[in-house]
Amino acid sequence: MIKVSLISLGCAKNLVDSEIMVGHLHQAGMKVIPEAELADVVIVNTCSFIDSSKEESIGHILEVHQNKGMKKRRKEQKLIVAGCMAQRFSKDLSNSLHDEVDAFIGLDQVTKVAPIIEAIYAKERGKNGPKEAPVNFIEGKSTYIPDYDTPRFRLTPAHFAYVKIAEGCNHPCTFCIIPQIRGRHRSRTVDSVVQEARQLVREGVKELNLISQDTTFFGMDTWEQRPNPRTPVDSSRGTALTTLLRELNAIEGDFWIRLLYTHPAHWSDELIKTIAECPKVARYIDIPLQHISDNMLARMQRETSGDYIRDLIKRIRAGIPGIAVRTTFIVGFPGETDADVAELCEFIKATKFERLGVFRYSQEEGTRGAKMPDQIAPKVKEARWHKLMALQQEIAGQVSKSYVGQTLKVLVEEPGVARGEADAPDIDGRVYVPRELPVGEFVDVKITGYQDYDLLALPKGEQPAEFKVAKQAQ
Ligand code: SF4
């Protein structure tokens, strides 16, 4: 039996690709093991969104090849590079990683991973002599999208799952390379997603995280195909997502539906109303805004203006009481002025985002932003990054303080650690709870304290071990 080990890097969409690969490896009778050094085949599912993620991917490939520094991996062990970096750079990497890599597979080969492994072995059988160039199994632009019955082995904890409702992106953001890697936007059908969600809820999943590159564009490429939409066609945009949310909300059971990766340009009053009327949809919105100044939004081609965004956030907050809004901004995009940064700081102060991340602009080869004049010096980027993070740390403390005394429904992630409705997996805060609370279950807890982004729901004066360590470290 062939033993395979898979290293999954990058975003939740890439994780779903890894889960699909593991599902197909199991289906082919191959064994998937965590120890790369013991495996016959190692797959590194890479990310290449920005420079740091490319470096991380290369780092893992070399670490596997050097067998964690034990000089060299076993001659017969195969190393396959998958994911965004393979899809984007396989031709260049075939030369630079000639000795390390045996094959490159793309985003559309995730369902063919087992026969690809067999093909690599078949090709080698009875052969000696020098290592041949990596085999490239990538076939052009990515168009694949999974379905509800696609073999898949979930790699997330049992109580939450990512549901990829679409793939690819049609937006022209000038800083982003994703459309060139993941292709044009293609949505699954409402029925396909609902079937998958039903199955996951039957398996005991308590949180369905809806993901894609632009979740709010869901169905805008396919909606006409649906035979007889029950909900009247809304004159504005995006009826498929509102229909999907209503159908997911109608599924029996106690679970959260979390909307991730929404784009401001595709929000509608209908969507705001639908979220407000669907109690299973978490009171949480992830809406990367990237900037607020019209100068920057135009250069980034975000298809929105500062006033449109300000008005949208107001409508979302008014229409969905208690909503927590997560966003991300980019600082240091070409042409960004001090005035642009000042406007952004004012906007952050006024809006008080519950959750906020900041990226330093990464000059990505192949994007239009990379060729723009007025690139910003790294030192200036750094200073702007620190300015925004310091501002948000203050706001985060105020937001956390506002929860003290409230009783919150939380999902216990591990002994002593939970997440609230305002915390998405892996990117947001934690709620520290008594260790005896059941993992994977919802519990109501009273918030007794906080520290920066994290909340405490512990008897007065009790502190989680992590805090004590942090305090000692200070
Ligand atoms: S919406 Fe923009 S930033 Fe997001 S994946 Fe598409 S092109 Fe990239």
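The values are calculated or read from the model by the stated rules, or taken from the named source; none is laboratory data. The model shown is predicted, which means the values in this text are computed figures rather than measured ones. Don't worry about glycine lacking a Cβ; one is built from the backbone with ideal geometry, like all the others, and counts go over all protein chains shown. In case anyone asks, the SASA skips ligands and DNA or RNA and just uses the protein heavy atoms, side chains included. Shrake-Rupley method; radii C 1.70, N 1.55, O 1.52, S 1.80 Å.
Computed quantities for the displayed model
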| quantity | calculated |
| --- | --- |
| Largest-first principal axis extents of the Cα set of segment 74-137 (Å) | 32, 26, 17 |
| Accessible surface of segment 407-473, 1.4 Å probe, proportion on carbon and sulfur as whole % | 52 percent |
| GluC sites (Glu not before Pro) restricted to segment 104-183 and DSSP loop, no more than 12 other C-beta within 10 Å | Glu132, Glu139 |
| Solvent-accessible area per residue, Å², over the chain with all protein chains present [probe radius 1.4 Å] | 44 Å² |
| Met389/Thr222 FRET efficiency (R0 35 Å; Cβ-Cβ; nearest 0.05) | 0.30 |
| Rounded percent of accessible protein surface that carbon and sulfur make up, segment 160-401, 1.4 Å probe | 54 percent |
| Computed magnitude of the charge dipole of the chain (debye, nearest 20; Cβ of K, R +1, Cβ of D, E -1) | 420 debye |
| In segment 1-93, GluC sites (Glu not before Pro) in a DSSP loop with at most 15 other beta-carbon atoms within 10 Å | Glu35, Glu76 |
| Relative contact order of the chain, pairs being alpha-carbon contacts under 8 Å that are 6 or more residues apart, as % | 9 percent |
| Other-chain or far-sequence residues with amide H under 5 Å of Phe359's (modelled H) | Phe329, Ile330, Val331 |
| Which of Gly461, Ala82, Tyr308, positive extreme of dipole for the chain (C-beta unit charges) | Ala82 |
| Segment 324-474 - Rg over Rh from alpha carbon coordinates, Kirkwood radius | 1.08 |
| Unmatched cysteines, the chain - criterion: no other Cβ of a Cys under 4.7 angstrom | Cys11, Cys47, Cys84, Cys169, Cys278, Cys345 |
| Descending Cα extents along the principal axes, segment 3-136, whole Å | 39, 33, 27 |
| The chain - Debye-derived log10 I(q)/I(0), Cα point model, q = 0.07, 0.10, 0.11 Å⁻¹ | -0.40, -0.84, -1.02 |
| Diffusion coefficient, µm² s⁻¹, Stokes-Einstein with Kirkwood Rh over alpha-carbon pairs of segment 160-401 at 25 °C and 0.890 mPa s | 129 µm²/s |
| Selected from Val201, Met21, Leu97, residue furthest toward positive end of dipole (the chain; charges at beta carbon) | Leu97 |
| Within the chain, helix-based [θ] at 222 nm, where runs of 4 or more DSSP H residues each add -39,500 (n - 2.57), nearest 500 | -10500 deg cm²/dmol |
| Kirkwood Rh in Å, taken over all unlike Cα pairs in segment 252-329 | 13.2 Å |
